[in-house]
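Trainee: Can you read through this structure? Questions will come right after.
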Amino acid sequence: MKILALIPARGGSKGIPNKNIKDFKGKPLIAWSIKNAHDSKYINRTILSSDSNEIIKIADSCYCETPFVRPSEISQDLSIDYEFVIHCLDWLKTNQNYVPDMIVQLRPTYPTRKTCILDECIAKFIENFKEYDSLRTVIPIEKTPYKTYRIKNGVLEPLFEEVDGIKKPYDKCRQVLPETFAHNGYIDIMKTESVYRTKSVSGDKILPFVMNRNEYHDIDTIQHWTIAEKM
């Protein structure tokens, strides 16, 4: 199968200036995700999607393909993943006549990502390729969302009135409610056909890969950075 690793790294990080190229344990942060892709036994190509010439230059020095510059209009704070994914797919199809079977999105903010988990996710998706549109890593949520509310016009309103036949779940014990999970962004895999068909990166049917809550360390703040370095 043609398996493309796509590493998104736009410039202009606000929480940590120049986060994607800041030195993390002797290498630019982005280099760790590039290494994940290179070490994988399944990934055939690794491409960077960035609007920053500085990031592109560093990724290129790490032997990551940098065939294009991501347009600024899809590199804003509120830009969504689908925009840079479809831009990459369209560019490769038009300019190189290359269409991967699947895209593995590797966010550079996970420098402690384990290649063995990456390959386990890819193998699981290949095994279930015909049945699912995408795979996402998730972690269990401690606080159930079925006991959450919103305030509307000064009134506290439950978000869920019923779940799996259980009425008023916000009044029930947590133990009787369904287990829930959060998308952690550690690894996302998507089928190219599904991206075009559903115009989304998740598609209609997502294959879960459940991780331990302590297995991943996303870097969004200086505090997260310090914790990840200690790992």
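The values are calculated or read from the model by the stated rules, or taken from the named source; none is laboratory data. All of these numbers come straight from a predicted model, not from anything done at the bench. Cβ coordinates were reconstructed from backbone atoms using ideal geometry, including for glycine residues, and neighbour counts include every protein chain displayed. Heads up: the accessible areas ignore ligands, DNA and RNA and are worked out on the full protein's heavy atoms, side chains in. Shrake-Rupley method; radii C 1.70, N 1.55, O 1.52, S 1.80 Å.
Trainee: Treat the stretch 21-72 as a sphere of radius equal to its Kirkwood radius over Cα pairs and apply Stokes-Einstein at 20 °C in a medium of 1.002 mPa s; give the translational diffusion coefficient in µm²/s, rounded to a whole number. Can you show the working numbers first?
Mentor: Numbers: Rh = 11.4 Å.
Here the translational diffusion coefficient equals 188 µm²/s.
Trainee: Between Asn53 and Tyr196, what FRET efficiency comes out of the Förster formula 1/(1 + (r/R0)^6) with R0 = 30 Å and r the beta carbon distance, rounded to 0.05?
Mentor: Working: r = 29 Å, r/R0 = 0.98.
With a Förster radius of 30 Å, E is 0.55.
Trainee: Could you give the length gained on full extension between Gln175 and Asp90, defined as 0.36 nm per residue of separation minus the Cα-Cα distance, in nm?
Mentor: Working: separation 85, 0.36 × 85 = 30.60 nm, distance 4.68 nm.
Separation in residues times 0.36 nm, less the Cα-Cα distance, equals 25.9 nm.
Trainee: What is the spin-label model distance, in nm, from Val99 to Glu162 if the labels are put 7 Å beyond Cα along the C-beta direction?
Mentor: Roughly 4.4 nm, to one decimal.
Trainee: Rank Asp164, Asp188, Asp77 by accessible area, highest first, at a 1.4 Å probe radius? Please report the intermediate quantities before stating the final value.
Mentor: Values: Asp164 130, Asp188 10, Asp77 95 Å².
Per-residue accessible area, sorted high to low, gives Asp164, Asp77, Asp188.
Trainee: Name the GluC sites (Glu not before Pro) in the stretch 40-147 that are in a loop by DSSP and that have at most 14 other C-beta atoms within 10 Å, would you? Walk me through the numbers before you get to the answer.
Mentor: Values: sites: Glu54, Glu65, Glu73, Glu83, Glu120, Glu127, Glu131, Glu142; in loops: Glu131, Glu142.
Here the GluC sites (Glu not before Pro) that fit, given the DSSP loop and packing criteria, are Glu131, Glu142.
Trainee: Quick one: give the max-minus-min coordinate of the C-alpha atoms of the chain along each principal axis, largest first, in Å.
Mentor: Taking max minus min along each principal axis of the Cα atoms, the chain gives 56, 41, 37 Å.
Trainee: In addition: Determine which residues of the stretch 92-129 fall in the zone a paramagnetic label at Tyr82 would reach in this model, i.e. backbone nitrogen under 17 Å from the point 7 Å along Cα→Cβ.
Mentor: Answer for this model: 103.
Trainee: Follow-up question, since we're still on this one. Pull out a ≥ b ≥ c, the square roots of the eigenvalues of the alpha-carbon gyration tensor of the stretch 1-101, then state rounded if a/c is under 1.5, prolate if not and a/b is larger than b/c, and oblate in the remaining case. It would help to have the intermediate numbers written out before the result.
Mentor: Values: a/c = 1.97, a/b = 1.17, b/c = 1.68.
Here the stretch 1-101 falls in the oblate category.
Trainee: On to the next question. With the other protein chains left in place, how much accessible area per residue, in square angstrom, belongs to the chain at a 1.4 angstrom probe?
Mentor: On the way: 12430 Å² over 231 residues.
Here the per-residue accessible area is 54 Å².
Trainee: Once you treat every alpha carbon in the stretch 116-164 as an equal point and sum by Debye, what is log10 I(q)/I(0) at q = 0.17, 0.19, 0.20, 0.28 Å⁻¹?
Mentor: Taking Cα atoms of the stretch 116-164 as identical point scatterers yields -0.71, -0.75, -0.78, -1.03.
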